[in-house]
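Report on the structure given below.
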Amino acid sequence: MVRKICVVETNEVPIRVWKEYCKIYPDSVVARLFGQGKLYRTIADDVAYEFLYPSQSWASLNTGLPYSEHRIHWYNDPKPNMGLFWWHQAAVSGKRVGLVNVLHTSPLSALSKEADYDFLLPDCFSPSSETKPQRYEAFQSLNLQLTEKNSRTSTAGFSDIMRLARKAVIHPGTFGLTGFSVAETVRAAPGILRSRERLRNLQCPPLASIFLDLLKQHDPDISVMFTNHIAAAQHRYWYALFPQDYAEKIYDDDWIERYRFDILNGVGLLDRYLTKLSAYCKHTDRILIIVSSMGQHANPKLTKKYVLQTSRAYRLEEPEKFLDAVIGSNAAVAERAMVPQYTYAFPDTASAQAALDRIAHFLEMNPEMNGSRVDIVNAKVTVTVWINGTPTHLNTEKGRLPLRQFGFETLVIDDHHSGCHHPDGTLLVWNDREDELFSSRDTPESFSYLRYAAELRRYLGLANPCEAARCNMAPTTNSQKARDTTINAIWRAAQS
């Protein structure tokens, strides 16, 4: 019998972090689920280590296609046939599907025109606030704004939280205001006073509450939600949790003590949510899946010298100003992307190529921006922005201009990317009484993450569209190969 499936996608959380939480909190729900369920290590093996990126790895995991075939790297890259994503294929085939915050689900119109979803709140990089049901559009609009403010450092302020709170009180059901989300907000308050980065955690409780409410209301065959809050803490505070992973002492004991539990605090939030979600899955006889498309580990290139020399970072607060300062007036539209990437959509490929050439020249003029890159796909230009040192001005063809004229904001930081991407991900399958999904009888302890979508299709009785897709794939062009080389260079620079 094919049973209903509930999936929680936890971005970049490796098995090691889950096990560390279980060791410290042996009576937790996470410890129970990981003790009872089937645990596997997935491996992101379709790209080089330096090339790993969330939007690329989740596309590979959820289509079963390697990057060389789906070609999605940045969040705003053109998507292949959406039917290659297993959950969309299931929806098109007539199965009842609900998604919340899942990557590559925006814009909503691209999916809803092909399938009738039970519910769909697109990912937090969506170009619009459209949702199904429509009653969540006000929440989604605010969620998108908060995502833009939670980039290199969290710049969401008390006023943002109060605005969310006021709207939630007026319309509690449409803003994820539940006993769980209220309790988590109260619980987070003391930690936020010590670390503003814990503000990132506050997006998860209302999204998770909305997901559970819609799950109970619609009872779909397949339900999937995505959260990034643990990954953000890992990038910043891996050293605080695992200082033994590094060749030298990089941060002092006060720093370690201040941030020692920030990663586990994010896991704890999810643990408390899983108390409710796993109980519902048990009650409704659902299979619960917890999956990460890849993981993180210690950044081997982080040094004490770099930390001592780097106390500031720069955030492009106004991407439109950057483009105006570099290329002048233009008709491009800035799209949402994950910092430090900024994507601009131009009206045609010719104007996009002209912009790319001028941005590339600008980067060459500014050695402080070594590590920055510009990339083009069709009529979209994506700029990866890195600023080294502490410059106050940058060069343009018209002379030197202050950073603020480019739209940059200066940020004071005390964390330095101590966690970096790693191919090893997590797959937990719980409450599969018949042992029919990722059966322990014939599933190895570790396997390629490209197997994930194929196994779900098998279980759900869906055809494998990937073979047909390969027949229709155009060969990789020289420009695509050059693009891949550029992306590799970006991430080598990022880790150094």
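A few remarks follow.
- Considering the range 271-323, and only residues there that are in contact with a helix residue (DSSP H, G or I) (Cβ under 6 Å, 6 or more places away or on another chain) and aromatic (Phe, Trp, Tyr), the residue that is modelled with the highest pLDDT turns out to be Tyr273.
- Taking every residue in the range 25-53 that is over 22 Å from Thr443 (Cα atoms) and touching a residue at least 40 places away in the same chain (Cβ under 8 Å) and pairing it with any residue that is of a type outside the set (Phe, Trp, Tyr) and open to solvent by 60 Å² or more (accessible area, probe 1.4 Å), at least 6 positions away or on another chain, the pairs with Cβ-Cβ distances below 7 Å are Val29/Thr275; Glu50/Arg492.
- All of Asp271, Asp285 fail the test of being touching a Lys or Arg at 6+ places or on another chain (Cβ under 8 Å) and closer than 23 Å to Ser223 by Cβ, apart from Asp285.
- Residue, least open to solvent (accessible area, probe 1.4 Å), within the range 281-296, restricted to residues that are assigned to a loop (DSSP other than H, G, I, E, B) and under 11 Å from Lys4 (Cα atoms): Arg286
- Residue in the range 222-239 that is open to solvent by 20 Å² or more (accessible area, probe 1.4 Å), within 22 Å of the chain's Cα centre (by Cα) and more than 30 Å from His283 (Cα to Cα) present: yes
- Being open to solvent by less than 30 Å² (accessible area, probe 1.4 Å), in contact (Cβ under 8 Å) with a residue 60 or more places away in the chain and in contact with a Phe, Trp or Tyr (Cβ under 9 Å, 6 or more places away or on another chain) is a property that does not hold for Arg336.
- Qualifying positions in the range 23-64 - open to solvent by less than 10 Å² (accessible area, probe 1.4 Å), of a type in the set (A, V, I, L, M) and within 19 Å of the chain's Cα centre (by Cα): Ala44, Leu52, Ala59, Leu61
- In summary, Leu146 fulfils each of the numbered conditions (1) modelled with pLDDT of 85 or more; (2) farther than 24 Å from Lys95 by Cβ; (3) surrounded by 19 or more Cβ atoms within 10 Å (Cβ to Cβ); (4) of a type in the set (A, V, I, L, M, F, W, C) with the single exception of condition (1).
- Just one of the listed residues (Glu12, Glu69, Glu20) is open to solvent by less than 50 Å² (accessible area, probe 1.4 Å), in contact with a Ser or Thr (Cβ under 7 Å, 6 or more places away or on another chain) and either under 23 Å from Ile287 (Cα atoms) or not in a loop (DSSP other than H, G, I, E, B) (or both), and it is Glu12.
- The one condition from (1) free of Cβ contacts under 8 Å to residues at least 12 places away in the same chain; (2) in contact with a helix residue (DSSP H, G or I) (Cβ under 7 Å, 6 or more places away or on another chain); (3) surrounded by fewer than 17 Cβ atoms within 10 Å (Cβ to Cβ) that Leu363 does not meet is (3).
- Residue within the range 378-394 that is open to solvent by less than 30 Å² (accessible area, probe 1.4 Å), hydroxyl-bearing (Ser, Thr, Tyr), within 21 Å of Ser128 (Cα to Cα) and out of contact with any Cys (no Cβ under 8 Å at 6 or more places or on another chain) present: yes
- Residue count for the range 121-143 satisfying the condition of being under 29 Å from Arg236 (Cα atoms) and either at pLDDT below 80 or of a type in the set (S, T, N, Q) (or both): 4.
- Cross-chain or 6+ apart pairs with Cβ under 8 Å, the range 398-419 first and more than 24 Å from Ala298 (Cβ to Cβ), then modelled with pLDDT of 85 or more and among the small types (Gly, Ala, Ser): Leu401/Ala325; Gln405/Ala325; Phe406/Ala325; Gly407/Ala325
The values are calculated or read from the model by the stated rules, or taken from the named source; none is laboratory data. Given the structure is predicted, the values throughout are model-derived calculations rather than measurements. With ideal geometry, Cβ positions are generated from the backbone for all residues, glycine too; neighbour counts draw on all protein chains shown. Keep in mind that these areas ignore ligands, DNA and RNA; they rest on the heavy atoms of the full protein, side chains included. Shrake-Rupley method; radii C 1.70, N 1.55, O 1.52, S 1.80 Å.
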